Amino acid sequence: MAVPEPISVDGRWSQRYEVFLAESGLDARTILSGALQQAPGERRGLFSLAQCLEQPDILTHQVIHDYPNNTRQALRAHASVLQQDLALSVIAPLSLRLFRNGAAPLPNPDRIFLAPIDSANESATGRWFQVPGEPIVDEAEYVRSVGRMTADWYPVFRQDLGVSPGAYWSSIGLGLGAPFSAVWNLAEPESLCALAQAWLAIFGNDANRFIDWIPAVFGDQQTAIPQRKGCCLKYLLPGGGYCGTCGIYRKQRLVELNRQSSTQVRHR
């Protein structure tokens, strides 16, 4: 795999990303704007992330309320999936905005809220949201602050809510790596993987340890995929199944895909 040149925190990643995509004939702003979902209208929050960090029992009691008659293992899985949703619903959009605009708001626990569960959709998807109005910061401040914040949040999710280190950090890594996931099947895979891995490394937390960006072939298409080393436990929940980034499941699928590709080559 090609290794990118070392880059500092002040390395203007949005520009580097834009140049990289341009080399593949892609427009970064168009792709990132398409990846950013339209912000929903006014939403009601049950409580803030700041309250959860100060009093973790708030989230524990909410999980028990939302998912009654579950085993202790299932409740732990719900907490893990909710933490994954925090990364994908809050950190991912902010990272997409950072790469699109060269600046973005920070995740602010006082302005991040958990919405009530939707009776029509009992999954944890999209429950966390951040209220607009946070000041905009540049890339360097974003990297420094988000790296520190996610490290500060970790003890509560690990010790009080039982989220495993691999689950927590791989979910954070998926949120931070959202700009690269947006082009997983569009840009040159090996360079994309190397660039994504280098981006995660500059945050100074453990996200880079628990995500492997790897080139993979699906049929005749070369792609780049993030493979997490920690399980979010979603498969333990009713109808949960395996995440697309599940390390164990993906390894099995990649072996089968590579076997199929090898068979197709031999028969040509």
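So here's what we get for this one:
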| read-out | value |
| --- | --- |
| Hits in segment 28-49 - residues which are of a type in the set (A, V, I, L, M, F, W, C) and more than 20 Å from the chain's Cα centre (by Cα) | Leu46, Phe47 |
| Check on Ala115, more than 21 Å from Glu54 (Cβ to Cβ) and open to solvent by less than 30 Å² (accessible area, probe 1.4 Å) | no |
| Given (1) open to solvent by 10 Å² or more (accessible area, probe 1.4 Å); (2) in a helix (DSSP H, G or I); (3) touching a strand residue (DSSP E or B) at 6+ places or on another chain (Cβ under 6 Å), number of the condition Ser191 does not satisfy | (3) |
| Leu59 vs. criteria out of contact with any Pro (no Cβ under 6 Å at 6 or more places or on another chain) and surrounded by fewer than 20 Cβ atoms within 10 Å (Cβ to Cβ) | no |
| Candidates Leu75, Leu88, filtered to the one that is in contact with a Gly (Cβ under 8 Å, 6 or more places away or on another chain), open to solvent by 10 Å² or more (accessible area, probe 1.4 Å) and of a type in the set (A, V, I, L, M) | Leu88 |
| Number of positions in segment 138-172 that are farther than 24 Å from Ile58 by Cα, crowded, with 16+ Cβ neighbours inside 10 Å and touching a Leu at 6+ places or on another chain (Cβ under 6 Å) | 1 |
| Residue selected from segment 32-49 under the condition of a type in the set (S, T, N, Q) and at pLDDT 95 or above, by the criterion least open to solvent (accessible area, probe 1.4 Å) | Ser48 |
| Single residue of segment 95-105 satisfying the filter (open to solvent by less than 40 Å² (accessible area, probe 1.4 Å) and touching a residue at least 40 places away in the same chain (Cβ under 8 Å)) that is farthest from the chain's Cα centre (by Cα) | Gly102 |
| Some residue of segment 140-154 being modelled with pLDDT of 95 or more, closer than 22 Å to Pro93 by Cβ and of a type in the set (Lys, Arg) | yes |
| Residue list for segment 10-31, restricted to those being outside any helix (DSSP H, G or I) and open to solvent by less than 80 Å² (accessible area, probe 1.4 Å) | Gly11, Ser24, Gly25, Leu26 |
| Tally of residues being farther than 19 Å from Val143 by Cα and basic (Lys, Arg) across segment 61-110 | 2 |
| Residues being open to solvent by less than 30 Å² (accessible area, probe 1.4 Å), closer than 29 Å to Leu161 by Cβ and either over 17 Å from the mean Cα position of the chain (by Cα) or at pLDDT 95 or above (or both) - total across segment 206-236 | 0 |
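The values are calculated or read from the model by the stated rules, or taken from the named source; none is laboratory data. Bear in mind the structure is a predicted one, so any value in this text is a computation, not a measurement. Glycine also receives a Cβ, built like all others from the backbone with ideal geometry; neighbour counts cover every protein chain displayed. Ligands, DNA and RNA are stripped out before the accessible areas are found, and what is left, the full protein with its side chains, is counted by its heavy atoms. Shrake-Rupley method; radii C 1.70, N 1.55, O 1.52, S 1.80 Å.
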